[in-house]
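Novice: Dumping the structure here so I can ask a few things about it.
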Amino acid sequence: MATVTGGRLGAEAPAAVVVPGIRPATRQSTFWKRLRRDKAMLLLAAPGVLYLLVFVYIPQLGNVIAFQNYVPYLGFASPFVGFDNFRSLFGDSTFWSSVINTVVISGLQLILYFPAPILLALLLNSLISLPVRRVIQSIVYLPHFISWVIIVALFQQVLGGTGLLDHFMRAIGQQPVNLLASPPLFKWMMTAQVIWKETGWGTIIYLAALLSIDVTLYEAAAVDGAGPWRRLWHVTVPGIVDITILLFILRLGAILTVGFEQILLQQNAVGEAAGEVLDTFVYFHGIAAGQWAPAAAAGLIKGIVGLAIVLGANRVAHLFGHQGVLS
């Protein structure tokens, strides 16, 4: 019986022939074929994987010192003390004060900073002129590449005790102002600095999500009579909701981590009560004071709490029908 094969008239393809002594391709051979096929991509990914292995995963083994009376010259052979380090932490009022300050600053950043990249991305996406959009993007990205030392110096020159605002208040006969040395305003100023520095950089992912939305959806909505706000609510927001939930969950996991360098540079101006966060507590009361084991215990608590929050938030996202971090 003749059949059309490859565009030509030919004989029907014969059935597969099994040759004795020759085994069919196994899963192992398929694995090595895929490995050879993707070797270029694997080589590109190798430095990142090596970095995570050396600087992230292997150091996790050091958490064992949280359960020891760690002495540097004894190393991991230091005496095992169980949960004594955790008990001493939980009984330290300075530790709880640093935890509260950390949670408050992280909460302010969740409320004020987290939506800022979304709003800026929506604003940039609404610009019709592509050259104007690119210029604005380049400008708002720049603060991300400036170190915290320079950022703090800039804020000191504007809002500090000898800054521009202070000179202006003196010129009009008012009391001098030093916003960066005010303990009640310290957490707000830390949040304002993060917003100024990182909002532009945070728009990158949201802009990519916005560009992936099918343009025909906007056209169909416009044909159906939807105005700009309804198109925003019914087309744009659903298009970025998954990536927003993903980033929100990851941010929740880092709720006990705030900018160490940023706060370390400005803590002396407001004192320990208002400016001590968990990271600076670990540095001053753990590493600088030689209390390695309590510092490791505090770090382990951060990791456990962050993991629990991520898993819980991911579960809630699944209940509402979203993918979250883990499927």
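Novice: Pop out the ³J(HN,Hα) list for the range 228-235 in order, Karplus 6.51 cos²θ - 1.76 cosθ + 1.60 with θ = phi - 60°, rounded to Hz; leave Gly and Pro as x.
Specialist: x, 5, 5, 5, 4, 6, 9, 10
Novice: What list of ³J(HN,Hα) couplings, whole Hz, do you get for the range 271-281 from phi and the Karplus terms 6.51, -1.76, 1.60, once you set θ to phi - 60° and write x for glycine and proline?
Specialist: Running phi through 6.51 cos²θ - 1.76 cosθ + 1.60 with θ = phi - 60° gives x, 5, 4, 9, x, 7, 10, 4, 5, 6, 4 Hz.
Novice: For the range 250-308, list log₁₀ I(q)/I(0) at each q in 0.18, 0.22, 0.24, 0.29 Å⁻¹, using the Debye formula over Cα point scatterers of equal strength and ignoring solvent, two decimals each.
Specialist: Log10 I(q)/I(0), no solvent term: -0.65, -0.90, -1.01, -1.15.
Novice: Want the number for Ser93 to Val54: 0.36 nm per residue separation, take away the alpha-carbon distance, what's left? The partial results should precede the final answer.
Specialist: Numbers: separation 39, 0.36 × 39 = 14.04 nm, distance 3.49 nm.
Going from the current span to full extension adds 10.6 nm.
Novice: For a quick check, take a GNM of the chain with Cα springs below 10 Å and name the residue from Ala293, Ala40, Ala66 with the largest mean-square fluctuation.
Specialist: Most flexible of the set in this elastic network: Ala40.
Novice: Then there is this: Go ahead and estimate [θ] at 222 nm for the chain from helices alone: -39,500 (n - 2.57) per DSSP H run with n ≥ 4, summed, over the residue count, rounded to 500. Please report the intermediate quantities before stating the final value.
Specialist: Numbers: 17 runs with 195 residues, N = 327.
Computed ellipticity for the chain at 222 nm equals -18500 deg cm²/dmol.
Novice: Could you give the length gained on full extension between Trp229 and Ile136, defined as 0.36 nm per residue of separation minus the Cα-Cα distance, in nm?
Specialist: Details: separation 93, 0.36 × 93 = 33.48 nm, distance 2.32 nm.
So the extension gain works out to 31.2 nm.
Novice: Can I ask one more? Out of Leu180, Leu50, Leu130, any idea which swings most in a Gaussian network model of the chain, alpha carbons joined below 10 Å?
Specialist: In the Gaussian network model the winner is Leu50.
Novice: Check which residues have an amide H placed less than 5 Å from Gln68's amide H, if you skip close sequence neighbours.
Specialist: Amide H neighbours of Gln68: Val81.
Taken together, the values in this text are just the output of simple stated rules run on the coordinates, not laboratory data. Treat the numbers as computed from the prediction; the structure is a model and nothing was measured.
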